[in-house]
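**Student:** Just dropping this structure here.
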Amino acid sequence: MALTENRHWLKFWLKSAPVPSASTQGLVMSEETPDSLEAARLEKLRKIEALGLDPWGRRFDDHQAIESVRQVALPEKVEGADEPPRPRVRIAGRIVLKRGQGKVAFLQVRDWTGTIQAMIGKNQVGEGGWAIASELDLGDLIGVDGGLGLTKTGELTVFAESLTFLGKSLLPPPEKWHGLTDIEKRSRQRYVDLAHNPESLQAFLGRSKVVSAFRKVLGEKGFVEVETPTMQAIAGGAAAKPFITHHNTLDLDLFLRIAPELYLKRLLVGGMERVFEIGRVYRNEGISPKHNPEFTMLEAYQAYGDYHAMMDLTEALIVGAIEALDGVYRRPWGEDMVDFTPPWPRRTYFDLFREYAGVEPTDSEAVRIKAESLGIATAGKDPDVIVSEVFEETVEDALHGPIFVIDYPAAICPLTKRKASDPAVAERFELFVRGIELANAYTELNDPLLQEKLFQGQLAGQKAEDSMAKMDDDFVRALKHAMPPAGGLGVGIDRLCMLLLNKASIRDVILFPLMRPEQ
RNA sequence: GCCCUCCUAGCUCAAUUGGCAGAGCAGCUGACUCUUAAUCAGCGGGUUGUAGGUUCGAGUCCUACGGGGGGCACCA
C-alpha cells in the first residue's frame with residue numbers, strides 16, 4: 001500500500017521537471033488581475049500544475065511530528081573531522097514564514113505540534129526544483145524530506161533534499177506578526193485562527209485534553225458513559241427556555257434538551273448505578289462572555305451517594321484535567337492568579353452570607369434592610385428570594401475560589417433532598433471560581449410524590465411565555481419504581497475551559513460559537 | 001428587547017477643528033547561498049460596513065439599517 005502511494009508523491013525537483021519559459025511567465029503576468037492576491041496565487045497554482053505536480057497533494061506517510069523532530073539528538077561534531085551526517089527527517093506542515101536570500105530560502109514550517117525551519121538551496125535542488133520552490137506562498141502545505149542540522153547561526157533546520165506539494169493556499173494568510181486579531185473573523189473563520197494563531201490551536205487542543213481527562217477519571221471511578229436524547233417532547237431538568245424543532249414524519253414538535261438530567265435519573269432507576277453524559281445542551285437565552293446558546297455539560301449521577309461524594313468527584317475531575325493539561329495548579333486568570341491546589345474550602349451558604357453580607361440570613365427584616373441598601377427591590381418578594389439576591393450581590397462576586405458553597409436554603413432549590421437534621425437546608429453545592437459558577441450538584445430528590453407536587457407547583461408559577469413546560473408524567477412514573485438515593489453533578493465544560501485556559505470569553509473555547517450569518 | 005461602543009487595503013493599524021485616504025506586513029519586479037518579523041531598490045493595491053442626510057467640502061457630524069464587542073435584562 002505504502003509503495004503504491006509512493007508513486008503518487010509528487011516531488012519538487014525531479015531532474016526532469018521543466019522550467020517555465022520566460023514567454024510563459026510574461027503571458028502569466030498579463031493575464032493576472034492586478035488587484036487580486038487570489039489571482040496571483042491561482043497563477044502559481046497553474047504553474048505548479050504545468051510542472052506536472054498535483055497542487056492538492058496526496059497521502060504523505062511516515063512524516064514525523066515537528067515537536068518530535070526538534071527532540072532528535074544531533075551527532076556530536078568532532079574536531080578536525082568531516083561534518084557529521086545529518087539525521088534524515090520527514091515533516092509536513094504549513095509555510096508560515098518565508099525568507100528569500102538569493103539562491104537559498106528559509107521557510108518556517110508549522111504543524112500542530114510546533115514549528116521548524118527548513119532551508120532550500122538552489123545548488124542543492126537544481127533548476128527545476130528551484131523553479132517550483134520560487135512559487136511557494138505563505139500558507140501552502142508542504143512535505144519536506146531532508147537532513148536535520150544546525151545553520152551557521154545555530155538554528156535547528158531541515159536541510160531540504162526534496163519537497164512534496166501537499167496543498168496550495170489560494171488566500172493570503174493574516175499579518176505575519178500580529179496574526180488574526182479581529183475577534184469576529186477569528187470566530188467566523190476559525191480555520192484561519194487555528195492555522196495562524198498557535199495559541200488558539202493550543203487552547204482548543206487543551207479543551208480536548210480536559211474532556212478526555214474527565215472521561216478517564218469517570219471511567220476509573222466506575223462510571224459508564226451514556227447518550228440520552230437531545231430531542232425531547234418535554235424539555236425538563238432545568239428552568240430555561242428551549243429551542244423548538246419539528247419532526248416531519250411524526251408531525252411532532254420537539255424541544256432541544258436544556259439538560260440531560262431527567263433521562264440520566266431514569267437510568268439510575270434502571271440500575272445503572274454510576275452514569276455520566278458529556279454532551280451539548282441548548283438554552284434559548286441571551287449571549288454573553290459566559291453564555292453560548294449551545295454549550296457542553298457533564299452530568300454525572302452516583303447511586304447511593306450524596307452531594308459530598310459529588311464534591312470529591314468534582315475535585316478529582318478538575319485535578320485530572322489540570323494534570324492532563326500541564327500539572328500547574330497556580331494558573332493565570334487575566335491579571336490575576338487562581339490556585340487550584342486541592343482540597344478546596346467548603347463553606348455553608350449561611351456562613352458566607354453572614355461573612356460577606358454582614359447580616360443574619362434568618363432575620364428576614366435585617367436581610368430586607370440590607371437588600372434595600374443594595375438597591376434591590378423587595379416589595380412583594382418571598383424572604384428566601386431576597387436572601388438569594390443579596391447573596392448574589394454580596395457574596396458571589398467576592399468569592400475568589402475555588403470554593404464549594406454548600407447547604408443552600410431549601411426554598412431556592414426545590415428539587416433537592418433536604419438535610420435530615422434540618423429540613424430548611426437543601427443538600428446542594430455550587431463550585432465558584434472568580435465569580436464563575438463551574439459546577440452545581442445535589443443530593444437528588446427521589447420521592448416521586450414530592451417530585452410530582454413540585455412539578456405542579458412549578459407549572460402553576462409558570463409565565464405565559466414559558467408555557468411550553470409540561471408535566472413529565474413518565475419521569476414521575478420512573479421514580480415510583482424507586483430511584484436509589486443519589487448524588488448528581490453538573491459541570492459546565494466551556495466555563496471550566498475558560499478558567500483553566502485563561503480565556504475571558506466562552507467564545508474563545510467554543511470552536512464555532514453562534515453568530516448571525518454574514519451579510 | 002434596551003444602553004454604550006467599534007467597523008478604513010488581504011492582514012495589523014494611522015488620518016489634527018470637517019479640507020487631496022496613509023504606513024507596516026502580505027503581493028508583484030529586481031539584488032542577495034546561513035536568514036530569524038531577513039534586508040535593500042522600485043511598483044501595484046480603497047465604493048472608509050450599507051443607504052440616506054447636513055455641508056462649498058464627510059473616514060470624521062446626523063439618521064436608519066447590517067455585523068462585532070461590552071453592559072443591562074434574561075439565565076435553579
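**Student:** Here is a list of conditions, (1) free of Cβ contacts under 8 Å to residues at least 12 places away in the same chain; (2) touching a Cys at 6+ places or on another chain (Cβ under 9 Å), and A:Glu220 meets all of them except one; can you say which number that is?
**Tutor:** Exception for A:Glu220: condition (2).
**Student:** Then there's this: Quick one: A:Lys480 ticks every box in (1) touching a residue at least 12 places away in the same chain (Cβ under 8 Å); (2) open to solvent by 60 Å² or more (accessible area, probe 1.4 Å); (3) under 34 Å from the mean Cα position of the chain (by Cα) bar one, so which box is it?
**Tutor:** Every listed condition holds for A:Lys480 apart from (3).
**Student:** I would also like to ask the following. Conditions: (1) surrounded by fewer than 15 Cβ atoms within 10 Å (Cβ to Cβ); (2) at pLDDT below 95; (3) among the hydrophobic types (A, V, I, L, M, F, W, C). A:Val224 meets all but one. Number of the miss?
**Tutor:** Only one criterion is unmet by A:Val224, namely (2).
**Student:** So which of A:Val104, A:Val78, A:Val96 is without any contact (Cβ under 8 Å) to a residue 12 or more places away in the chain and among the hydrophobic types (A, V, I, L, M, F, W, C)?
**Tutor:** A:Val78
**Student:** Pull up region A:393-429, narrow it to residues that are in a helix (DSSP H, G or I) and of a type in the set (Gly, Ala, Ser), then point me to the one that is most open to solvent (accessible area, probe 1.4 Å).
**Tutor:** Taking the candidates together, the pick is A:Ala411.
**Student:** Has region A:23-38 got at least one residue that is in a helix (DSSP H, G or I), crowded, with 18+ Cβ neighbours inside 10 Å, within 16 Å of RNA strand B (Cβ to nearest atom) and modelled with pLDDT of 90 or more?
**Tutor:** No: zero hits.
**Student:** When you look at A:Leu511, is it more than 12 Å from RNA strand B (Cβ to nearest atom) and open to solvent by less than 10 Å² (accessible area, probe 1.4 Å), yes or no?
**Tutor:** Judged against the criteria, A:Leu511 is not a match.
**Student:** From the set of residues in region A:173-187 that are in contact (Cβ under 8 Å) with a residue 60 or more places away in the chain and more than 20 Å from A:Pro513 (Cα to Cα), which is least open to solvent (accessible area, probe 1.4 Å)?
**Tutor:** If we take residues in region A:173-187 being in contact (Cβ under 8 Å) with a residue 60 or more places away in the chain and more than 20 Å from A:Pro513 (Cα to Cα), then A:Pro173 is least open to solvent (accessible area, probe 1.4 Å).
**Student:** Still on this structure, I have one more. Is it true that A:Thr151 is within 6 Å of RNA strand B (Cβ to nearest atom) and buried (at least 19 other Cβ atoms within 10 Å of the Cβ)?
**Tutor:** Judged against the criteria, A:Thr151 is not a match.
**Student:** So which residues in region A:424-435 are away from RNA strand B (no atom under 11 Å from the Cβ) and modelled with pLDDT of 90 or more, if there are any at all?
**Tutor:** A:Val425, A:Glu427, A:Phe429, A:Leu431, A:Phe432, A:Val433, A:Arg434
**Student:** Within region A:282-335, can you find the residues that are more than 16 Å from RNA strand B (Cβ to nearest atom) and not in a helix (DSSP H, G or I)?
**Tutor:** A:Gln302, A:Ala303, A:Tyr304, A:Gly305, A:Asp306, A:Asp326, A:Gly327, A:Val328, A:Tyr329, A:Arg330, A:Arg331, A:Pro332
**Student:** If a residue has to be free of Cβ contacts under 8 Å to residues at least 24 places away in the same chain and part of a helix (DSSP H, G or I) to count, how many in region A:371-392 make the cut?
**Tutor:** Qualifying residue count for the region: 7.
**Student:** Name the residues in region A:451-466 that are near RNA strand B (Cβ under 10 Å from one of its atoms), open to solvent by less than 60 Å² (accessible area, probe 1.4 Å) and at pLDDT below 80, would you?
**Tutor:** A:Asp466
**Student:** I would also like to ask the following. Enumerate the pairs (first residue in region A:37-52 and at positive phi; second residue anywhere and within 12 Å of RNA strand B (Cβ to nearest atom)) with beta-carbon separation below 7 Å, excluding pairs fewer than 6 apart on the same chain, so at least 6 apart or on different chains.
**Tutor:** Pairs found: none.
**Student:** How about region A:155-177: which of its residues are near RNA strand B (Cβ under 8 Å from one of its atoms), outside any strand (DSSP E or B) and either out of contact with any Leu (no Cβ under 8 Å at 6 or more places or on another chain) or of a type in the set (A, V, I, L, M, F, W, C) (or both)?
**Tutor:** Of everything in region A:155-177, those that are near RNA strand B (Cβ under 8 Å from one of its atoms), outside any strand (DSSP E or B) and either out of contact with any Leu (no Cβ under 8 Å at 6 or more places or on another chain) or of a type in the set (A, V, I, L, M, F, W, C) (or both) turn out to be A:Glu155, A:Leu171, A:Glu175, A:Trp177.
**Student:** Look through A:Asp137, A:Asp111 and report the one residue that is of a type in the set (Asp, Glu), within 9 Å of RNA strand B (Cβ to nearest atom), open to solvent by less than 50 Å² (accessible area, probe 1.4 Å) and assigned by TED's automatic domain parsing to the domain that holds A:Glu38.
**Tutor:** The conditions single out A:Asp137.
**Student:** Also, quick follow-up: Which one of the conditions (1) surrounded by fewer than 16 Cβ atoms within 10 Å (Cβ to Cβ); (2) modelled with pLDDT of 95 or more; (3) within 30 Å of A:Ile318 (Cα to Cα) does A:Ala239 fail to meet, given that it meets all the rest?
**Tutor:** (2)
**Student:** Output the residue which, of all residues in region A:44-103 that are in a strand (DSSP E or B) and either within 29 Å of the chain's Cα centre (by Cα) or acidic (Asp, Glu) (or both), is nearest to RNA strand B (Cβ to nearest atom).
**Tutor:** Going through the qualifying residues, I end up with A:Leu97.
**Student:** In region A:336-353, how many are assigned to a helix (DSSP H, G or I) and either acidic (Asp, Glu) or on the phi > 0 side of the Ramachandran plot (or both)?
**Tutor:** Matching residues across region A:336-353 total 1.
**Student:** Any residue in region A:196-213 that is within 24 Å of A:Lys265 (Cα to Cα), open to solvent by less than 40 Å² (accessible area, probe 1.4 Å) and away from RNA strand B (no atom under 15 Å from the Cβ)?
**Tutor:** yes
**Student:** While we're on this one: Quick check on this structure: which one of A:Ile116, A:Ile142, A:Ile132, A:Ile95 is open to solvent by less than 10 Å² (accessible area, probe 1.4 Å), in contact with a Leu (Cβ under 7 Å, 6 or more places away or on another chain) and over 28 Å from A:Glu199 (Cα atoms)?
**Tutor:** That would be A:Ile132, the only listed residue that is open to solvent by less than 10 Å² (accessible area, probe 1.4 Å), in contact with a Leu (Cβ under 7 Å, 6 or more places away or on another chain) and over 28 Å from A:Glu199 (Cα atoms).
The values are calculated or read from the model by the stated rules, or taken from the named source; none is laboratory data. What you see is a predicted model; the values in this text were computed from it and never measured. Here the Cβ is made from the backbone with ideal geometry for all residues, glycine too, and neighbour counts use every protein chain on show. Keep in mind that these areas ignore ligands, DNA and RNA; they rest on the heavy atoms of the full protein, side chains included. Shrake-Rupley method; radii C 1.70, N 1.55, O 1.52, S 1.80 Å.
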